[in-house]
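Structure first, commentary second.
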Amino acid sequence: MDYLQLQQQVANSIAKDNFDDWLTCIPALTALITTPQDPLHHGEGNVWIHTQMVLRALIEQTEFAKATQEQQFVLFMTALLHDIAKPETTVIDEVTGKISQPRHSQKGEIRSRVLLWQMAVPFELREQICRIIAVHQVPFFALSDAHQRYSPQYLVHRLSWQLPVWMLCLQAKADMLGRICTDKARVLDEVELFKQLALEEDCLYKPRQFVDDYTRVHYFRGSNVLPDYALYPQQGSKVILMSGLPASGKNSWVSKHYPTWPVASYDDARSELKLKHGENEGLVIQFVLAKVKQWLRDKQPFIWNATHLSQDMRQKALDLLYAYHAEVEIVYIEQPEQELYRRNLKRDTSLANKKIQRMFSKWQVPLPTEAHQVSYVINQ
């Protein structure tokens, strides 16, 4: 099934108020039927029952009716897929029988990304869906001091740079309406208060404005600064951090756009050290880091060319770069699945396509909050 067929299926589901066809369209959803939920928070039963209730609650909302066709597609697919990772994350306590699904939001983001990528859903729409899924529970507790490291204002500011906050709020509202639980009214109030906070901060429908990118980056990294007051910049290297699956075209992009810049590359390091992919990776990493640190100390521009696929891996690299006051642009590159495999087979590499597929479980697209600038080069 491709994007156009998905659009038509969404329209049919809305018109007919029937969602059974999705079990055939997306077979992974069938596992929701046999996945139990904690009755304290989900008295309605299994995950598929809950998902259908959420979809009906969403479609009934005035905001959904007023949304554009693309916005309705994003909202519908978000509701359909928001709990797709619950089957693989379900844990039942042997003593108490309590059911939990830890990190199902984060894993659901990745599962949905791979699924929608394979269906050729446009990048911008796909990422809106995945980003909302990743944080779809945040409005439930964002205003509760007991649950948060950050202030509600900070959370809503950061989220506004990652996704349409009004869509997140609408998804959260539908998620609560589509369940049976004793604290539904309280949580719905929390969602509405979160929405009102975003409106007051002028970031319900657009990103929160900042005085400059330097201040924004340090604010999102937790520095004690305010969005409207400029932080005096300290000079460092200009760094382009590449990101993307293997064979997506990172080397070609670097050669075309920055042929004279020095490049820190794990693949190049393996060649210099005469090592195969996966062999003595610790030595390869230290070899690259030594170059990176020297260039940072010299404050010269350079490119760090690696997959940097997960947020954790990027965070380690970014922590180092920002410690030296670097100005960072992340360039993320992506290709369709079959093109990726075709390119990889033509490369002189020991990395098989099956190994690339195993990397999908860590695939998190860079967020606009991670750097001074994030550029997305899609299917080029």
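Only the coordinates and a few stated rules stand behind these numbers; no lab work does. The model shown is predicted, which means the values in this text are computed figures rather than measured ones. Here the Cβ is made from the backbone with ideal geometry for all residues, glycine too, and neighbour counts use every protein chain on show.
If eta is 1.002 mPa s and T is 20 °C, what Stokes-Einstein diffusion coefficient results for the range 238-378, Kirkwood Rh from Cα pairs, in µm²/s? Please list the in-between numbers first.
Numbers: Rh = 15.5 Å.
My calculation gives 138 µm²/s for D.
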Exercise. Please work out, to two decimal places, the log10 of the ratio I(q)/I(0) at q = 0.12, 0.13 Å⁻¹ from a Debye calculation in which every Cα of the chain carries one identical scatterer.
Key: -1.02, -1.16
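If the limit is 22 Å between Cα atoms, which of LYS291/LYS354; LYS173/LYS206; LYS184/LYS206 go over it?
On the way: LYS291/LYS354 31 Å; LYS173/LYS206 20 Å; LYS184/LYS206 28 Å.
Result: LYS291/LYS354; LYS184/LYS206 exceed 22 Å.
Longest span of the chain, sites excluded, free of chymotrypsin sites (Phe, Trp or Tyr not before Pro) in DSSP loop with at most 14 other C-beta atoms within 10 Å?
Values: sites that count: TYR150, TYR205, TYR229.
Within the chain, the longest run free of exposed chymotrypsin sites (Phe, Trp or Tyr not before Pro) spans 230-380.
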Quiz item: Which whole-angstrom value gives the distance between the alpha carbon centres of the range 236-277 and the range 23-69?
Solution: 43 Å
Quiz item: Once amide H atoms are placed 1.01 Å from N in the peptide plane, what residues at a sequence separation of 5 or more from ASN379, or on another chain, have their amide H within under 5 Å of its amide H?
Solution: GLU334, GLN335
Quiz item: Hull surface divided by four, with the convex hull built on the Cα atoms of the range 3-200: how many nm²?
Solution: 11.0 nm²
Quiz item: Using the reciprocal of the averaged 1/r over all distinct C-alpha pairs, how large is the Kirkwood radius of the range 158-234 in Å?
Solution: 14.1 Å
Practice problem: Kindly provide the trypsin sites (Lys or Arg not before Pro) of the range 176-253 that DSSP labels as loop, not H, G, I, E or B, and whose Cβ sees at most 14 other Cβ atoms within 10 Å. | Solution: ARG221
Quiz prompt | Residues of type lysines that LYS293 reaches as a straight line, Cα spacing below 27 Å, ignoring anything fewer than 8 places off in the same chain | solution = LYS238, LYS250, LYS256, LYS274, LYS276, LYS316, LYS362
Practice problem: Would you please give the residues with an amide H less than 5 Å from that of TRP161, counting only those at least 5 places away or on a separate chain, with H modeled from the backbone geometry? | Solution: ARG208
Quiz prompt | Where GluC sites (Glu not before Pro) in DSSP loops with at most 12 other Cβ within 10 Å are excluded, longest remaining stretch of the chain | solution = 95-278
Quiz prompt | Between the range 332-359 and the range 91-148, the Cα center-to-center distance that results, in Å | solution = 27 Å
Quiz item: For ASN379 and LEU345, FRET efficiency with R0 = 22 Å and r from the beta-carbon atoms, rounded to 0.05?
Solution: 0.75
Quiz prompt | Proximal aspartates and glutamates relative to LYS355, as straight alpha-carbon distance under 15 Å, when same-chain residues fewer than 8 apart are discounted | solution = GLU279, GLU337
Practice problem: With +1 on each Lys and Arg Cβ and -1 on each Asp and Glu Cβ, and nothing else charged, work out how big the dipole of the chain is about its Cα centre, in Debye to the nearest 20. | Solution: 1260 debye
Quiz item: Which of PRO366, GLN61, SER144 sits closest to the plus end of the dipole of the chain, meaning its Cα is farthest towards the positive end, when Lys and Arg get +1 and Asp and Glu get -1 on the C-beta?
Solution: PRO366
Quiz item: Hey, what do the phi angles of the range 37-43 turn into as Karplus ³J(HN,Hα) couplings, whole Hz, using 6.51/-1.76/1.60 and θ = phi - 60°, x for Gly and Pro?
Solution: 9, 5, x, 5, 9, 9, x
